[in-house]
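A short worksheet on the structure shown next.
The values are calculated or read from the model by the stated rules, or taken from the named source; none is laboratory data. What you see is a predicted model, and the numbers here were worked out from it, not measured in a lab. Cβ atoms come from the backbone with ideal geometry, glycine included; neighbour counts cover every protein chain shown. Remember, those area values only see protein heavy atoms, side chains included, never the ligands or the DNA or RNA. Shrake-Rupley method; radii C 1.70, N 1.55, O 1.52, S 1.80 Å.
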Amino acid sequence: MNLISNWLFNLARRLLFLWVRTDVIGNKASEIGLDPDKPVVYVLEKSSYSNRLVLEQETMEAGLPSSQLALEFDGNRLRRRFFFLSERTGVWFRRRQMPLMTGRLSELVEAAHKDKSLDIQLVPVSIFWGRAPQKEQSLFKLLLSDNWSVSGRIRHFFIILIHGRNTFIQFSRPISLRELSDQSAKPAIASRKVARVLRVHFRLVRQTVVGPDLSHRRTLVSQLIRTPAVREAIRTTAESNKISEEKARQQALKYADEICSNVSVAGVRFLNIVLTWVWNKIYSGVSVNNVEAVKEAAGKGGLVYVPCHRSHIDYLLLSYVLYQNGLMVPHIAAGINLNMPVVGAILRRGGAFFMRRSFRNNKLYAAVFNEYMHSMFTKGHPVEYFVEGGRSRTGRTLQPKAGMLSMTVRSYLKDSRKTLYFVPVYIGYEKILEERSYLGELRGKKKEKESIFGLFKTIRNLKNHGRVSLNFGAPFSLDSVLNDTGEAWKTVDMSSGTLPAWHSRAVDSLAEKVAVSINQAAAINPVNVVAMVLLSTNRQAMDAGLLADRCTDIVELLKKRPYSEQISYPESDSTSWVSYVQEMGLAQRQTQKLGDIITLADSEAILLTYYRNNILHLVAIPALICSLFLQKQNLPKAHVRWLIESVYPYIKSELFLRWSEAEVWGEVEAWIELLQERGLLTVNGEEICRAAIGTQEFVLLTTLARTIVPTIERYYIAIAILRRWGSGELEASELEELSTQMAERMSILYGLNAPEFFDKSLFRNFTNELLKNEFLTRNEEGKLCFDQRLETISEEARLVLNADMRQSILQVTLESV
């Protein structure tokens with residue numbers, strides 16, 4: 001009888017998989033931490049013959065223990081190595097899945113109580129036919145509901161027919177039956193606890209993979225219009241614009257229709273197929289790191305993905321990676337400029353919702369958008385937005401915009417029942433898709449407006465752009481940020497719509513934490529390492545062998561003193577890195593008898609500054625230390641500390657470094673010890689000395705130092721202008737404009753191939769930090785005032801900038817005043 005049963009089972013499995021196609025996660029024993037010396041029993045959430053067939057097929061393909069084999073223990077025999085957490089009860093139309101204490105689970109728990117050496121690994125296996133979030137008030141949902149079937153078989157047949165080719169399976173990490181059993185004295189209590197733990201596990205996995213129910217778009221739009229905040233905005237808009245409330249309501253409906261996403265399972269699948277083709281065409285691989293931390297956070301609450309913004313590919317790539325790793329595709333905030341014909345509709349079905357660049361003076365639009373965001377957060381939908389606002393054209397993480405973060409905090413203060421977790425995401429490209437358009441913009445060309453024709457042109461010219469690294473940073477809860485404010489935020493009354501006085505302070509703190517966390521997940525790759533070393537040379541040229549050696553030195557230093565646990569490093573050896581950058585068309589090789597030379601053309605140098613800036617923050621501390629010894633052989637340690645603590649607040653603000661001002665000296669001391677170990681520095685009591693000129697150690701010290709020197713030069717330009725004009729003579733905007741003009745002139749005169757050198761936003765940030773740290777103050781007329789402290793800091797620049805550079809900056813300043 002068993003032979004016939006097994007033959008029929010295997011026949012059914014083969015027939016099923018003539019149609020069914022699966023995506024599987026966790027089916028490798030090493031990946032989920034399965035102990036080969038301990039028995040395995042699989043757990044399925046719902047009783048289903050098709051689920052059994054799928055489970056057996058996947059265990060066979062992965063080389064895992066078969067679910068069909070018997071398990072013998074303590075003189076007992078379990079007929080199959082699986083059990084269901086729920087079974088069908090009732091008759092005919094009233095049959096439905098109900099959680100029950102199955103006989104196999106009870107047998108296992110009783111055996112574990114009798115034999116204390118028995119430790120069975122329970123492996124939960126989640127099976128999703130289609131991975132489709134259900135639609136609220138959907139006829140399709142009603143048709144496929146548990147109570148519309150004869151014993152559920154007809155219903156399940158249609159599910160397999162419709163969704164079978166998009167079946168997702170997730171093997172979870174094993175749960176020790178021994179540990180759970182030991183927590184209860186009686187088998188009956190232990191059985192109930194095991195069942196409860198497993199039910200919670202399956203619920204969290206379903207929440208992570210499928211997400212909450214989706215409202216129909218029309219339903220959601222009408223719900224938004226009926227919220228008190230939008231109704232009030234309609235009323236005030238009608239009054240202020242002297243129009244009827246019905247006309248204002250129609251305008252609100254138009255806004256809601258413009259904003260709302262229209263997530264479609266078919267749309268997500270379509271994008272998945274298209275993007276798989278695109279990635280294979282333009283990239284040689286996508287590396288994903290730390291995704292397990294995201295899955296863990298998804299089981300605890302709602303997720304807000306906050307990636308860096310380098311390319312239009314960013315949100316497509318992130319959604320693709322999440323989908324491939326069994327996580328729900330997020331609702332993505334996209335600029336209204338992407339709502340192009342055809343493309344906008346496709347993106348909307350893939351999760352995009354569109355927002356205008358600015359709506360500060362449009363209270364009705366703001367009310368609709370705020371309510372839409374609040375709806376997403378409270379329902380538990382994952383959301384994604386870019387805190388930088390726009391794409392970074394310089395490769396640096398831009399200063400965060402407060403808008404979306406403020407809306408998130410506002411929504412959370414209204415309803416914090418579902419904990420929100422921010423997930424920082426760093427996306428590192430070896431070759432950016434828009435590099436040529438960025439190059440034009442960095443040279444002063446006007447930004448091109450996005451259009452469907454421009455998109456088709458870009459796709460037509462797709463070619464190899466190397467690898468991409470997508471690193472997830474450490475998720476953190478919004479609660480932790482709000483708790484740090486020291487305010488009783490949980491008791492805030494938001495019914496009046498008035499924000500608490502500390503709201504802006506909390507948003508600023510959140511913005512900084514997001515930017516710092518993104519940088520903590522940076523990806524080091526061959527392109528940005530080679531770029532860093534080549535751009536530190538006077539003429540952007542270097543012997544190929546020496547270039548490879550310097551790249552090795554820098555990566556080894558960063559590995560010995562890692563910036564964070566989420567940092568990823570390049571594979572292979574540095575000689576391969578140099579050749580790879582050349583093959584990517586980012587550098588040129590000139591063959592010579594004494595050794596090949598790697599050189600950069602002007603356009604290549606400008607592009608490589610972009611990639612170098614991706615990881616500039618990782619070397620900021622050692623570079624700052626080394627820069628102090630460019631012009632001096634030795635310095636007292638106390639002087640080094642004073643100098644670094646004086647300049648650190650400005651570099652921290654610009655590069656979003658992770659250490660507070662109180663913590664930075666501890667990090668500096670650790671780096672001094674490492675640099676001494678490597679021979680770049682020597683510490684003699686309270687004196688620090690550099691390596692001798694002409695040694696390889698001095699060359700490495702110079703390479704590191706020169707990565708931070710342009711930043712110090714920019715600071716010196718701004719201070720030189722202030723000193724030249726005098727205290728109380730310039731407004732902040734005038735200082736920014738003059739500094740930008742001076743820096744651009746210096747860049748042209750002295751061949752500095754770094755467009756961010758004259759980036760106005762960096763000068764604005766430096767000015768704001770000087771005001772924040774009270775090195776600058778404003779008089780009654782709004783002019784900037786300073787005292788002798790600024791003069792002292794300026795004089796110390798001689799340690800970093802050589803006499804020629806200081807004189808050149810002063811000369812250009814004199815000529816331009």
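So the values come out like this:
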{"item": "Scope region 512-555; condition aliphatic (A, V, I, L, M) and more than 27 Å from the chain's Cα centre (by Cα); matching residues", "result": "L534, L535, A541, M542, A544, L546, L547, A548"}
{"item": "Residue that is modelled with the lowest pLDDT [pool: residues in region 342-366 that are in contact with a Ser or Thr (Cβ under 8 Å, 6 or more places away or on another chain) and farther than 14 Å from E258 by Cα]", "result": "G350"}
{"item": "Extreme residue, modelled with the lowest pLDDT, among residues of region 68-97 that are within 30 Å of S117 (Cβ to Cβ) and among the basic types (K, R)", "result": "R77"}
{"item": "Subset of region 64-78 that is in a loop (DSSP other than H, G, I, E, B) and without any contact (Cβ under 8 Å) to a residue 12 or more places away in the chain - its residue that is farthest from the chain's Cα centre (by Cα)", "result": "G75"}
{"item": "Residues of region 120-142 classified as more than 34 Å from the chain's Cα centre (by Cα), over 16 Å from P187 (Cβ atoms) and at pLDDT 65 or above, total", "result": "0"}
{"item": "Hits in region 470-491 - residues which are within 30 Å of Q582 (Cα to Cα) and either aromatic (F, W, Y) or open to solvent by 20 Å² or more (accessible area, probe 1.4 Å) (or both)", "result": "F472"}
{"item": "Residue match in region 618-632 (condition: in a helix (DSSP H, G or I) and charged (D, E, K, R))", "result": "no"}
{"item": "Residues located in region 237-280, provided they are over 25 Å from N339 (Cα atoms), of a type in the set (S, T, Y) and loosely packed, with under 14 Cβ neighbours inside 10 Å", "result": "S240, S244"}
{"item": "The one condition in (1) closer than 29 Å to V800 by Cα; (2) open to solvent by 10 Å² or more (accessible area, probe 1.4 Å) that V527 fails to fulfil", "result": "(2)"}
{"item": "Filter result (assigned to a helix (DSSP H, G or I) and free of Cβ contacts under 8 Å to residues at least 60 places away in the same chain) within region 32-61", "result": "Y49, R52, L53, E56, Q57, T59, M60, E61"}
{"item": "Region 720-747: number of residues that are open to solvent by less than 10 Å² (accessible area, probe 1.4 Å) and within 22 Å of N779 (Cα to Cα)", "result": "6"}
{"item": "E487 within 30 Å of N280 (Cα to Cα) and part of a loop (DSSP other than H, G, I, E, B)", "result": "no"}
{"item": "Cβ-Cβ under 8 Å pairs, at least 6 apart or on other chains, region 495-521 side in contact (Cβ under 8 Å) with a residue 12 or more places away in the chain, far side loosely packed, with under 15 Cβ neighbours inside 10 Å", "result": "S509/D484"}
{"item": "Test for N370: is it without any contact (Cβ under 8 Å) to a residue 24 or more places away in the chain and either open to solvent by 10 Å² or more (accessible area, probe 1.4 Å) or in a loop (DSSP other than H, G, I, E, B) (or both)", "result": "no"}
{"item": "Members of region 663-687 that are open to solvent by less than 10 Å² (accessible area, probe 1.4 Å) and of a type in the set (S, T, N, Q)", "result": "none"}
{"item": "Region 253-269 residues that are in contact (Cβ under 8 Å) with a residue 12 or more places away in the chain and within 25 Å of T227 (Cβ to Cβ), paired with ones that are part of a loop (DSSP other than H, G, I, E, B) and open to solvent by less than 20 Å² (accessible area, probe 1.4 Å) (beta carbon under 6 Å, 6 or more apart)", "result": "S261/G351; V263/G351"}
{"item": "Tabulated pairs, region 196-207, first within 13 Å of L44 (Cα to Cα), second open to solvent by 50 Å² or more (accessible area, probe 1.4 Å), C-beta under 6 angstrom, 6+ apart or interchain", "result": "F202/E45"}
{"item": "Residues located in region 382-394, provided they are modelled with pLDDT of 90 or more and either in contact with an Asp or Glu (Cβ under 8 Å, 6 or more places away or on another chain) or closer than 25 Å to V210 by Cα (or both)", "result": "P382, V383, E384, Y385, F386"}
{"item": "Unmet requirement for L177, which otherwise passes all of (1) more than 35 Å from the chain's Cα centre (by Cα); (2) of a type in the set (A, V, I, L, M); (3) at pLDDT below 85", "result": "(3)"}
{"item": "Filtered residue count, region 469-484, keeping only those that are at pLDDT 95 or above, part of a loop (DSSP other than H, G, I, E, B) and under 23 Å from R505 (Cα atoms)", "result": "2"}
{"item": "First in region 349-361 and open to solvent by 40 Å² or more (accessible area, probe 1.4 Å), second anywhere and assigned to a loop (DSSP other than H, G, I, E, B), Cβ under 9 Å, 6 or more apart", "result": "R349/S261; R349/N262; R349/V263; R349/S264; R356/N362; R357/G389; R357/G390"}
{"item": "Any hit, region 780-790, residues being out of contact with any Cys (no Cβ under 8 Å at 6 or more places or on another chain) and within 19 Å of I651 (Cα to Cα)", "result": "yes"}
{"item": "Matching residues, region 687-746, being under 34 Å from the mean Cα position of the chain (by Cα) and among the acidic types (D, E)", "result": "E713, E736, E737, E744"}
{"item": "Checklist (1) in contact with a Gly (Cβ under 7 Å, 6 or more places away or on another chain); (2) touching a residue at least 60 places away in the same chain (Cβ under 8 Å); (3) outside any loop (DSSP other than H, G, I, E, B); (4) of a type outside the set (S, T, Y) applied to R550, failing item", "result": "(1)"}
{"item": "Residue among S653, S660, S627 that alone is surrounded by fewer than 14 Cβ atoms within 10 Å (Cβ to Cβ), at negative phi and of a type in the set (S, T, Y)", "result": "S660"}
{"item": "Lone unmet requirement of (1) within 19 Å of V468 (Cβ to Cβ); (2) touching a residue at least 60 places away in the same chain (Cβ under 8 Å) for N280", "result": "(2)"}
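Residue-by-condition table, conditions (1) without any contact (Cβ under 8 Å) to a residue 24 or more places away in the chain; (2) touching a strand residue (DSSP E or B) at 6+ places or on another chain (Cβ under 9 Å); (3) within 27 Å of E795 (Cβ to Cβ):
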site	(1), (2), (3)
K632	no, yes, yes
L635	no, yes, yes
V647	no, no, yes
E663	yes, no, no
E673	yes, yes, no
L681	no, yes, yes
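Yes/no matrix, rows are residues, columns are (1) β-branched (V, I, T); (2) in a helix (DSSP H, G or I):
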site	(1), (2)
L558	no, yes
E565	no, no
V578	yes, yes
R589	no, no
K593	no, no
L608	no, yes
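Residue-by-condition table, conditions (1) loosely packed, with under 14 Cβ neighbours inside 10 Å; (2) of a type in the set (A, V, I, L, M, F, W, C); (3) part of a loop (DSSP other than H, G, I, E, B):
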position: D493; (1), (2), (3): yes, no, yes
position: E512; (1), (2), (3): no, no, no
position: V555; (1), (2), (3): no, yes, no
position: T575; (1), (2), (3): no, no, no
